[in-house]
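Bear in mind these aren't lab numbers, they're just calculated from the coordinates by the rules spelled out. Values in this document were obtained by computation on a predicted structure and should not be read as measured data. Don't worry about glycine lacking a Cβ; one is built from the backbone with ideal geometry, like all the others, and counts go over all protein chains shown.
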Amino acid sequence: MPSIGSRGLLTALLLSSLSLLPAPAGAAPASGAGGADPPAIAGVVRDSAGRPLPGVQVVLRQLDRGTTTDAEGRFEFRGLRPGTYHLDAVLIGFAPAHHRVVVEAGATATVELTLHVAAVQLAGVQVTASPTGAGVLALTQAMTEVSGKELQRELGSTVAQTLQSQPGMAVRYSGPATAAPVIRGLTGERIVVLQNGDRTADLSAASADHALTVDPLAASRIEVVRGPASLLYGNNALGGVVNVITNATPTGVPDRVEGYVATQGQTVAPGGAVSAGLTVPLGSSLALTAQAGGRRLGDVRVGGGAVQENTFSRDWHGTAGLGLVRGNTRAGASLEAYAFRYGLPFRPGSDDAGVHLEGARQDAQARVEFDLGDRGFTDLEIQGSGQWYHHDEVEADGAVATSFRLSTQTVQARSRTRLGRLAGQLGAEALFRQYEPTGIEALTPAANSDGVALFFFQELPIRATDDDHDLVPRLQLGGRYDRYTIDSRAGAAKFGPARSVAFGNVSGSIGVNVPFSQHVSLGLSVARAFRAPSVEELFSNAVHAAAGAYQVGNPDLVAETNAGVDAVLRIQSRRLSGQLSGYLNRIADYIAPIEVGDTTIDGQTLPLDVFRQADARIVGVEGKLEGEVARHVVLGVMGDALRGDFRGGDPLPYMPAARLGASVRWDDGRVSISGEGRHTFAQTRVATNETATGAYTLVDLAAGANFIARGRVHNLTLRIDNLLDERYRDATSRIKDFAWNPGRNVSLVYRVVF
C-alpha cells in the first residue's frame, strides 16, 4: 500500500476511533437478558395464502437499516428509540409491502406483513434520492431502482451494461471492461458512482479506458437519480448519481446466519463470475459480514462473430465488515480489496496492440450513528473512509508505460432534523485526493485536490397530516456550498511550474410533489449545480491514447454551472408502473476538448485537442410504462430522446441516439418468459470529426424461475441478448470509429438467498 501522507494518517486515525465513540449524554442504556436490547419490532412476513416467506428484505426506511426473514418468515429490529417507523418488505416475484409501526418505550411492537404475487416490477426501497426516507411517489426527481427479477434479467458484466436499457441511461463504451454509465448524455466527471452511499475512489471518471471498480453481481439493488444531485453527493454530480447497494457493512443484527451465493456465465465474452456473502450474528448486538467474488472473461465477440482482440478482463474482490447495534448507538466498519487486469481494444495498425491495465483498490470505511431525540436534531451520523487506488498501463512487451496512484479520504457528518412538520438533513463533508501519474506517457502532473462543503435538505408537507409519510403535497428545499482547490505539483518540464486553482460555488434546489391519488404523483423541480474542472482538463499536455489525440489542458478554466428544470409523472400500483419525465439543462461554461488541428508526435500524426469552454443546453424526454393487461401478462413500452448543443448550435460530442422499445412478459410469480425489442435511431448530429452511427434494433429474450426450497430463495435466469447478432455501434462509444459493440450473448444467472 502506498504512503498515505498526513491527511491519510488523520483519516486512518478517525476510522479507527469512530467505533469507539461513546453514546452522547442521555442515550438509553442497554437492557434485556445478558445486557442485550430486547427487540423493538418483531414481525413475520407471509404470502397471500398465509405461508411464511423466507429471504424477504425488510428495511426501516428512515434509518436505512435492513434485515431478512428466516425460514419461518420472521424478522426483528433492536436498538430503536420510541417513535413511528416505516417498514418496506421486498422479495423477488412479489409486490413490495409497506407498513407503519409505532414503537413504545419498553415494549415490543409486533407486525404481520402480507406480500402478494406481482407480475409488474414495482420500485421498493429507495434511499439515494431522499434523505428523509420518502416513498417513490413522493420524490421530485426522476429515479430508477433496479432489483429483484429485473436486476437478474438485466445483469451485465459491468454496472453500465446492467443499466443500459433503462430510459435516460446509456453506456460510454471503450471495451467491455471499461464501460461506464451515461445519464442524460453526461458521463465521466459529471456523474457520481457510489457503492453503499460512498464514492468509488478510482479513476473511471477521468478517462474512458479506466474501469469502474464495482462488480454488479454483488449488488442487491442499484439506484439511479437523474438530473443535478450535487446537494448530497458532491460538486460534480451534475448529471446524476448511481448507487450500487451491496450491504457490505451490517445495518442490523440478524438472529441467524444469512447470506447469498450468485453465479453468472456468458458467451459474448466467454467466461463467468461468482459472488457470495454472509452476515453472521455475534450475539444480539454485533454482526460480521464477509463478501468475496471474481470475474474472468475472454475477448468479446462483436456482431457477426468476429473477435475484438485484447478485450479480456479479470477482477477479484473481497470485503469484511462489522456492525454494532446497541441502545441508541449504531456503528460499523468495513475493509475492501479489489484487484483487476484487463486489455484495451486497439485501432488496427496502431502501436497500442496488446496494451493492458492492472491494478487494485483498497478501501476502509467506518461510521457511527446516535439517536438524539424526537425534535430538533433527531440523530447524528459521522462517517469516514480512506481509499488507495493504483494501476499500471503495461505495453505488449511487459514495460510499464504509465503508473497512476490515487489516495482519497472523506469525512462526513450529517444530522436528521425535525421541527414541527419540517424534516430533513444538515451536514458537512470534506474530501481529500492525492493523485500521481508517473511514466513517459503521463497525461498530467501530480496534483492534490481538497474540498469542503456544507449542505442542507428540508421537506415540508404543505398540508397537515398525522403521518409524515402520507401522500400529501410536499415542498422540498436544498442548498449546498462547496470550496474546492486543486494544487498541481512541479514535475516534467512539459507541465510547467506548480499551480493552484480554487473554486467556490453555491448549489440549490426547490421542488414540489403533488399526489393526484394513492398511485399517481407529479414532481417538479428547479436546481442549480456546479462542477469544478478536473486535473486532466486543467493541466493535460500529452498524448491521450484513449482519446486518440494529443490533449492540452487549460489552467484558466472556470467551473461549470448547471441550471436545470425537471418534471416527472409517476404511476405505481399492483397492475401498473411507470415514469415519464422531461428536462432542460443549461450548462454555463461547459468544458470539452476541441480539435484545433493536427500535431506530429514521434512520427505519428494525431489530432490536437485543447480544452475550452462554451455554454451548452441539453433538453430531453424519457419514460417507461409497464402494465398487466391480462392475468400474468405484462406489456411494456419505453423511450428516450435528447438534444445537446453548444450555444452556437454545434452538437455536443457523444450524445446518445433516440430509442423506442417494447416488451412482453408472462409472469406468474414463479416462472417468467419475456421478450424485448429496442430500436435505436441513427445519430448524425455529431461533433467535428466524430463518427456518425446508423440505426439498429436489438432483440432480447429471457426466461426465469423463482422458487423457495428449504427456507432458501432461488432464482435462475437464462437470457439471450442481441438475439439477431446485430452489428452496431453506440453513439456514446469512445471507440466507435474502429470497434463494434458486443454481439449475441447467452447468459445464465443463478442466485440463492438464505
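Remarks
- When the chymotrypsin sites (Phe, Trp or Tyr not before Pro) in the stretch 437-481 are filtered for DSSP coil states and for at most 12 other beta-carbon atoms within 10 Å of their beta-carbon, no site remains.
- Protection-proxy order for peptides 39-48, 595-604, 441-450, 390-399, each taking the mean of Cβ atoms within 10 Å per residue, highest first: 441-450, 39-48, 390-399, 595-604
- Alpha-carbon centroids, the stretch 549-612 and the stretch 650-717: separation in whole Å: 24
- CD proxy at 222 nm, helix term only [per DSSP H run n ≥ 4: -39500 (n - 2.57); per residue of the chain; nearest 500]: -1000 deg cm²/dmol
- Straight-line reach from Lys624: taking Cα to Cα under 12 Å and skipping same-chain neighbours fewer than 8 places apart, the aspartates and glutamates in range are Asp640.
- Residues whose placed amide H lies under 5 Å from that of Arg221, excluding near-sequence neighbours: Ile245
- Taking a straight Cα-Cα cut-off under 13 Å and skipping sequence neighbours fewer than 8 places away in the same chain, the aspartates and glutamates within cross-link reach of Lys494 are Glu441.
- Only the Cβ atoms of Lys and Arg (+1) and of Asp and Glu (-1) were treated as charged; on that basis the dipole of the chain about its Cα centre amounts to roughly 1520 debye.
- Dipole-positive endmost among Pro250, Asn689, Gly265 within the chain (Cβ charges, Cα centre): Pro250
- Computed label-point distance, nm, for sites Leu422 and Ala502 using a 7 Å Cα→Cβ extension: 3.1
- Relative protection proxy for 152-164, 406-418, 553-565, from highest mean packing down: 152-164, 406-418, 553-565 (other beta-carbon atoms within 10 angstrom).
- Angle in degrees between helix 5-18 and the longest Cα principal axis of the chain, rounded to the nearest 10: 10
- Dipole size of the stretch 35-115 about its Cα centre, with +1 on Lys/Arg Cβ and -1 on Asp/Glu Cβ: approximately 120 debye, rounded to the nearest 20.
- For the stretch 348-392, a simple Cβ point-charge model (Lys and Arg +1, Asp and Glu -1, everything else neutral) yields a dipole of about 120 debye relative to the Cα centre.
- Cβ crowding within 10 Å averaged over residues, with 96-109, 138-151 ranked highest first: 138-151, 96-109
- (1) -0.62; (2) -0.72; (3) -0.82, with the label sought being that of the calculated log10 I(q)/I(0) by the Debye sum over Cα atoms at q = 0.08 Å⁻¹: (1)
- Separation of the stretch 484-543 and the stretch 331-390, taken as the distance between their Cα centroids, equals 20 angstrom.
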